[in-house]
Ligand SMILES: Cc1cc2nc3c(=O)[nH]c(=O)nc-3n(C[C@H](O)[C@H](O)[C@H](O)COP(=O)(O)OP(=O)(O)OC[C@H]3O[C@@H](n4cnc5c(N)ncnc54)[C@H](O)[C@@H]3O)c2cc1C
């Protein structure tokens with residue numbers, strides 16, 4: 001994909017214009033920058049180019065060979081309880097294909113795929129219901145590549161590449177979610193070791209991970225954003241304990257307790273006091289996946305399949321005008337969500353900082369998932385609201401599963417309220433408060 005013919009190879013580097021204007025920081029200028037950017041994006045050709053189409057076909061062929069309903073069911077059933085044997089085989093196949101480091105630069109053994117190619121991959125994998133590449137590979141590893149010392153890269157990256165270690169991400173605390181800079185878990189240097197004490201909340205996967213990627217306060221006297229560092233903590237270190245927390249869709253997350261946990265000094269990644277910014281960087285690497293509409297599309301497909309054949313009170317659902325209308329509206333939204341995701345990827349590939357665009361994609365997709373679940377529960381009636389394990393469940397029980405899951409999508413990766421704020425100040429130059 002690329003700019004339409006008239007603009008292809010044009011001399012105006014939109015992203016540079018945007019960056020330059022943002023640097024000026026004036027509200028009016030930022031607003032103008034966004035308008036400029038949007039104007040340039042509207043010149044985008046949404047058609048994939050031949051090499052992107054070939055890549056999509058390759059991914060689809062891989063999926064048709066390696067993904068079936070049993071894998072998708074196992075992925076759903078396991079939730080956050082670690083990988084089942086099918087998922088493990090699937091991820092091994094991804095690794096053998098060299099797709100583990102899909103987005104990693106070639107100098108680290110990756111394929112250096114563009115953001116659009118990554119977006120295609122994520123969309124196809126999610127649409128098939130297959131397990132996604134772990135955040136260890138897509139978020140932690142790229143952050144280590146950017147900010148870690150050479151010694152840290154040599155120590156951690158090969159082990160991540162081998163699949164030998166997997167991280168839980170420990171940013172949030174009871175009083176520090178959106179306001180991450182308020183976190184209180186502290187690490188104090190004693191000789192060659194950091195000694196950690198504190199309590200993390202919502203430490204998903206801590207019970208299956210080998211290591212934790214923790215944001216901790218190392219500089220108590222610095223301004224709160226500048227006093228945080230990122231530290232790697234092995235889960236089997238003495239003093240680490242995990243307590244389960246079960247949330248609405250039946251998924252497990254955890255509270256994590258650190259009681260005089262000692263880790264070697266070189267487990268602090270990158271520079272002291274830069275952890276807040278590294279956490280933001282790690283989250284940025286997740287952006288494409290967070291705004292992906294693949295999963296919503298998959299559930300929508302199941303709903304449409306059910307509507308094609310289901311007869312209620314002697315009337316086929318497919319003949320009901322309100323049902324057709326509802327499905328048509330959702331289909332339009334799915335296409336729109338797809339375009340938003342593609343725009344974000346396209347902007348990234350041109351060196352842009354598409355913060356407002358990625359926030360738009362994230363809000364739209366998460367709220368669309370809720371709309372699909374609402375529509376599905378209403379259209380399919382009570383049997384459409386049964387659990388996937390119930391034999392009578394319509395559409396494979398996907399509607400109630402999505403209904404329970406989608407609120408999490410609205411705050412995962414940053415709450416939608418905050419995303420709306422980002423669109424306001426990054427997109428339109430409105431004041432932050
Ligand atoms: C199931 C689950 C899994 C999770 N997994 C992880 C994980 O693995 N690792 C991890 O570190 N964290 C994880 N989290 C934490 C998640 O990232 C936080 O819940 C999220 O960042 C919101 O923080 P909070 O819960 O403290 O809510 P708060 O920050 O207290 O927000 C409460 C409400 O106030 C709104 N609000 C807050 N500040 C603003 C503002 N400035 N402007 C407008 N509105 C605002 C929010 O949008 C929200 O609606 C998980 C949470 C859950 C529930």
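The values are calculated or read from the model by the stated rules, or taken from the named source; none is laboratory data. As the structure is a prediction and not an experimental result, all values here were calculated from the model. Positions of Cβ are generated from backbone atoms using ideal geometry, with glycine treated the same way; all protein chains shown enter the neighbour counts.
Key figures for this structure:
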item: Complete set of residues in segment 158-205 that are in a loop (DSSP other than H, G, I, E, B) and more than 8 Å from the ligand (Cβ to nearest atom); result: 162, 163, 164, 165, 166, 183, 184, 185, 191, 192
item: Conditions (1) outside any loop (DSSP other than H, G, I, E, B); (2) more than 16 Å from the ligand (Cβ to nearest atom); (3) modelled with pLDDT under 95: number failed by residue 137; result: (2)
item: Test for residue 149: is it in contact (Cβ under 8 Å) with a residue 12 or more places away in the chain, closer than 27 Å to residue 223 by Cβ, near the ligand (Cβ under 10 Å from one of its atoms) and surrounded by fewer than 22 Cβ atoms within 10 Å (Cβ to Cβ); result: no
item: Any chance residue 98 is outside any helix (DSSP H, G or I), surrounded by fewer than 16 Cβ atoms within 10 Å (Cβ to Cβ) and modelled with pLDDT under 95; result: yes
item: Segment 243-268, residues that are more than 12 Å from the ligand (Cβ to nearest atom) and either within 30 Å of residue 407 (Cβ to Cβ) or touching a helix residue (DSSP H, G or I) at 6+ places or on another chain (Cβ under 6 Å) (or both); result: 243, 257, 258
item: Flag if residue 188 is closer than 16 Å to residue 230 by Cα and surrounded by fewer than 19 Cβ atoms within 10 Å (Cβ to Cβ); result: yes
item: Residue list for segment 374-390, filter: free of Cβ contacts under 8 Å to residues at least 60 places away in the same chain and within 25 Å of the chain's Cα centre (by Cα); result: 374
item: So residue 295, is it within 17 Å of the chain's Cα centre (by Cα), touching a residue at least 40 places away in the same chain (Cβ under 8 Å) and surrounded by fewer than 18 Cβ atoms within 10 Å (Cβ to Cβ); result: no
item: Filter pass, residue 355 being out of contact with any strand residue (DSSP E or B) (no Cβ under 6 Å at 6 or more places or on another chain) and under 21 Å from residue 406 (Cα atoms); result: no
item: In segment 303-314, the residues that are surrounded by 15 or more Cβ atoms within 10 Å (Cβ to Cβ) and more than 17 Å from residue 328 (Cβ to Cβ); result: 310
item: Residue count, segment 391-422 (criterion: within 12 Å of the ligand (Cβ to nearest atom) and either part of a helix (DSSP H, G or I) or more than 24 Å from the chain's Cα centre (by Cα) (or both)); result: 14
item: Counted residues, segment 210-221 - those being closer than 18 Å to residue 160 by Cα and either outside any loop (DSSP other than H, G, I, E, B) or within 18 Å of the chain's Cα centre (by Cα) (or both); result: 4
item: Checking residue 427 against (1) crowded, with 18+ Cβ neighbours inside 10 Å; (2) under 20 Å from residue 370 (Cβ atoms), the condition it does not meet; result: (2)
item: Condition check for residue 347: under 30 Å from residue 313 (Cβ atoms), touching a residue at least 24 places away in the same chain (Cβ under 8 Å) and out of contact with any strand residue (DSSP E or B) (no Cβ under 7 Å at 6 or more places or on another chain); result: no
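Condition check ((1) free of Cβ contacts under 8 Å to residues at least 60 places away in the same chain; (2) over 30 Å from residue 339 (Cβ atoms)) across all residues:
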residue	(1), (2)
105	yes, no
122	no, no
134	yes, no
153	yes, yes
157	yes, yes
171	no, yes
195	no, yes
